[in-house]
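Asker: Take a look at the following structure, please.
Here, each number is a calculation from the coordinates, and none is a lab measurement. From a predicted model like this one, the values you see are computed outputs, not experimental measurements. Please note: Cβ atoms are built from the backbone with ideal geometry, for glycine as well, and neighbour counts cover all protein chains shown.
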Amino acid sequence: MKKSILLMTMFLVVAAIFSSCASTETTSFVDPAYRGKQFSKICVLADVSDLKYKQKLEKEISENLRTKVNVISGFQLFPPTRDWTEEQMQEIMIKEGVDGYLLVVWKDKGVQETYRPGQQVSETKGEVKKKDGKDVYTERTVTSNTGGSVEKEFRSYFEAQLIDVKSKNKAWVATSYSQSGEWFGSDFDLIMESYGKDISEKLSNDGLIRK
């Protein structure tokens, strides 16, 4: 019985690993005036009120962009303890050599939970007992139940704009849908990792930054 339960546990762990993946689908558009133009330094700004998600999202995007372009996060330039005007932000970015800033808005997110019931595991055991001085072989079946589990599906919708710092014109816009299956009380970490990678690749493929 212990072996059967161990095998079932291993199966659940493997299933959890394979279900803990994320995917992102992004649709983008480059303004005709910016086709063929590449930005040299980008500031990543996540318009997210929750500081935990804001910092994590800016970090994920920045790390993916760093191999293709000079990048700095909004957290580094604009401490959230202060109120910033557009003019102040523009002045600081120009001073820091930033020619484009990526404004990301986390428009929507949600979690769908699905309960998966446990399974019954049966094991037949044989034993020999003495009866009237003779060995008698008997069998009995033991049935046990494995615990159920809750599967979570995380979903998010993002909007992004790459804006020319000096002119304030939109050079590029994109919308993205992300989803992931996560177990064991996970958060939106895989969603943010997937989105950061996808948005970086999209900017590169659209020619706004080097490949």
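Asker: Which of the peptides 46-59, 78-91 is most tightly packed, and how do the rest follow, going by the mean number of other Cβ atoms within 10 Å of each residue? It would help to have the intermediate numbers written out before the result.
Answerer: Values: 46-59: 17.0, 78-91: 11.0.
Taking the mean over residues of other Cβ atoms within 10 Å, the ranking is 46-59, 78-91.
Asker: If you don't mind, another one. Which peptide among 148-160, 199-211 comes first, and what is the full order, when sorted by highest mean count of other Cβ atoms within 10 Å? All intermediate terms of the calculation are to be shown ahead of the outcome.
Answerer: Values: 148-160: 16.6, 199-211: 18.6.
In descending order of packing, they fall as 199-211, 148-160.
Asker: Mind checking the full-extension length gain between residue 109 and residue 150? Use 0.36 nm per residue of separation minus the Cα-Cα distance, one decimal, nm. Mind dumping the intermediate values first?
Answerer: Details: separation 41, 0.36 × 41 = 14.76 nm, distance 1.88 nm.
Length gained, residue 109 through residue 150: 12.9 nm.
Asker: Mind jotting down the distance between the C-alpha centroids of region 189-211 and region 64-81, whole Å?
Answerer: Cα centres, region 64-81 to region 189-211: 14 Å.
Asker: Residues with amide H under 5 Å of residue 70's amide H, sequence separation 5 or more or different chain, H placed in the peptide plane at 1.01 Å from N; which?
Answerer: Here the answer is 42, since their amide H atoms fall under 5 Å of that of residue 70.
Asker: A follow-up question, please. Could you list which residues have their amide H under 5 Å from that of residue 46, counting only those 5 or more apart in sequence or on another chain, with H placed in the peptide plane?
Answerer: Under 5 Å from the amide H of residue 46 lie the amide H atoms of 74, 104, each far enough along the sequence or on another chain.
Asker: Long-range amide H contacts for residue 172: which residues qualify at under 5 Å (H placed 1.01 Å from N, peptide plane, sequence gap of 5 or more or a different chain)?
Answerer: 31, 162
Asker: Among 165, 105, what is the fewest-to-most ranking by other Cβ atoms within 10 Å?
Answerer: 105, 165
Asker: Kindly write out, for region 165-174 in residue order, the coupling ³J(HN,Hα) from the Karplus curve 6.51 cos²θ - 1.76 cosθ + 1.60 (θ = phi - 60°), rounded to whole Hz, with x marking Gly and Pro.
Answerer: These are the phi-based 3J(HN,Hα) values: 4, 5, 8, 6, 7, 7, 8, 7, 10, 7 Hz.
Asker: What ranking do 68, 166 get, fewest neighbouring Cβ atoms within 10 angstrom at the top?
Answerer: Values: 68 17, 166 11.
Exposure proxy ranking, most exposed first: 166, 68.
Asker: Related question: Pairs of Cα atoms under 8 Å, at least six residues apart: use those to get the relative contact order of region 25-177, whole percent.
Answerer: Normalised by residue count, the contact order of region 25-177 is 29 percent.
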